[in-house]
There are 2 protein chains.
Amino acid sequence: MKDVAILLHEASGLLRRRFEQAARPEGLTLMQWRALGLLDQQGPLRQVAIGEALEASPMTISDLADRLESAGLVTRATDPSDSRAKVLELTETGATKLRTMRRISEAVFAQVFAGVTERETAALRQGLLKLKKNLGGAAPSAPEKDVQDEREN
Amino acid sequence: MKDVAILLHEASGLLRRRFEQAARPEGLTLMQWRALGLLDQQGPLRQVAIGEALEASPMTISDLADRLESAGLVTRATDPSDSRAKVLELTETGATKLRTMRRISEAVFAQVFAGVTERETAALRQGLLKLKKNLGGAAPSAPEKDVQDEREN
DNA sequence: CTTCATCCATAAGCCTCCGTATTATATAAG
DNA sequence: CTTATATAATACGGAGGCTTATGGATGAAG
C-alpha cells in the first residue's frame, strides 16, 4: 500500500521526465501538452474548466495559460457571456505543434509500456481509476457531481 | 496506454496533494517524508545515494537537504572519505517527526486505497514496477546495474 | 436598485523539480 | 608531478504546483 503509493509517485516523476526530455525540441511540458490536447478535442474552454479536466488548481492554469499564450499556442479572450472568465482557444500554431507532438508522445508511451500486456494495462487503468476516485478526482466522463466534501480534518 | 499514462500523472498529483494536506500540521512534503524514511532505515547517506534511491536529480536532493537541514531534521556533514560529498543523518528531531508522521501517512494511504482489493493492489504494484523499469528506474532492491543506455534520441 | 454571497482570474509568496553550468575534489593516465 | 577525466554538490534559471488574498463580475434576495 505504502510501497504502491511511493511507486506511483516515482513512476509518475520518471514518466514526466522522460516525456519532457523527448518533447524538449518542441519545448512542451507534459501539462502544456495535456492542455493543448484538451483544447483540441473540446474546443475553446474557460480556465476553470481546464483546471477541472486536468485536476489542477486555478492558479496553476493561470500560470500555464500565460506561457501557452506567450508561446502563441493559444489565444486568451474574455468570455462574452461572463467578463470575469477567459476562454482559451487553440491557435493554428498550437494545432500544428500538437500534430508534431503526436509522434513524440506515441513513441514515449510505446517505450514506457513496452512489454506490458493488455491485461496489465487494463489492471493498471482500473486500479488508478479507483485511486483517483478515492482522491476526489472526477471520473473521466461522469457528469456526477454530488461533492459532499465532509472534511475529516 | 496514453490514457493510463495520464491517469498515472493525475493520480500521482492528487496523492501528493492529499498527503501534503494531511501532513501540513507537521510541515512535511511527500519528498521530505520519503527522504527522512530512507535515512531512518538506511542510516546516514550521501546526497547522491539519496537521489538514486528516491529517483530524483542531485539538484532536487540539494534543495531538499537545504530545507531538511534548516528545519533541524537532518545534519549535513562532509564525508571524511571524500570531501566533495556530504552525508545526511537523521537528527533526534527528525526521528521524532517521522514517528509522528506514521499515523498521518497510514491514514492517508488507507483512505486512498479504500475499496481496493489485495489483487488490485498487487496488480498495480506489478504494473507500476514494469513501467518504472522501462523508465530506467532501478529496482527497489536489485543490485543489478548493467545500464546499457542506448540513447534513442 | 442595493446588498451579499459566489465565482473567475490573478498577484504574491513559497516549495518542488529539473537541466545546465560551475567549483572543488578525486582518480586515472602520462 | 601533471594533465585529463569523472564525480559531488550547488548557483542559476525556469516551469509546475499550491495556498492565501484581492479585484472585478455575476446573480439572487430584498
**Matching option when the condition is within 30 Å of B:LEU124 (Cβ to Cβ), at pLDDT below 95 and surrounded by 17 or more Cβ atoms within 10 Å (Cβ to Cβ), among B:GLU106, B:GLU52, B:GLU10** = B:GLU10
**Request:** Could you tell me which of the residues A:THR60, A:THR75 is surrounded by fewer than 17 Cβ atoms within 10 Å (Cβ to Cβ) and within 11 Å of DNA strand D (Cβ to nearest atom)?
**Result:** A:THR60
**Message:** So B:GLY115 passes all but one of these: (1) open to solvent by 50 Å² or more (accessible area, probe 1.4 Å); (2) at pLDDT 95 or above. Which condition number does it fail?
**Reply:** (2)
**Prompt:** In the set B:VAL108, B:VAL112, B:VAL87, which member is closer than 14 Å to B:TRP33 by Cα and among the hydrophobic types (A, V, I, L, M, F, W, C)?
**Reply:** B:VAL108
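Quick one: is A:LEU36 at pLDDT 95 or above and within 15 Å of DNA strand D (Cβ to nearest atom)?
Yes; evaluated as a whole, the condition is true for this residue.
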**Request:** For segment B:19-34, name all the residues that are within 12 Å of another protein chain (Cβ to nearest Cβ), under 16 Å from the mean Cα position of the chain (by Cα) and part of a helix (DSSP H, G or I).
**Result:** B:PHE19, B:GLU20, B:LEU30, B:MET31, B:TRP33, B:ARG34
**Prompt:** Taking segment B:43-98 as the region of interest, how many residues are basic (Lys, Arg), within 11 Å of DNA strand C (Cβ to nearest atom) and outside any helix (DSSP H, G or I)?
**Reply:** 1
**Request:** Taking only segment A:118-134 into account, find how many residues are in contact with a Leu (Cβ under 7 Å, 6 or more places away or on another chain) and either more than 7 Å from every other protein chain (Cβ to nearest Cβ) or open to solvent by 50 Å² or more (accessible area, probe 1.4 Å) (or both).
**Result:** 2
**Prompt:** Given B:ALA65, B:ALA85, which one is over 30 Å from A:LYS130 (Cα atoms), open to solvent by less than 20 Å² (accessible area, probe 1.4 Å), over 17 Å from the mean Cα position of the chain (by Cα) and away from chain A (no Cβ under 12 Å)?
**Reply:** B:ALA85
**Prompt:** Going through segment B:63-72 one residue at a time, which ones are within 8 Å of DNA strand D (Cβ to nearest atom) and aliphatic (A, V, I, L, M)?
**Reply:** B:ALA65
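The values are calculated or read from the model by the stated rules, or taken from the named source; none is laboratory data. These numbers were taken from a predicted model, which means no experiment stands behind them. So basically every Cβ, Gly included, is an ideal-geometry build from the backbone, and we count neighbours across all protein chains shown. SASA here: full protein model, heavy atoms, side chains in, ligands and nucleic acids out. Shrake-Rupley method; radii C 1.70, N 1.55, O 1.52, S 1.80 Å.
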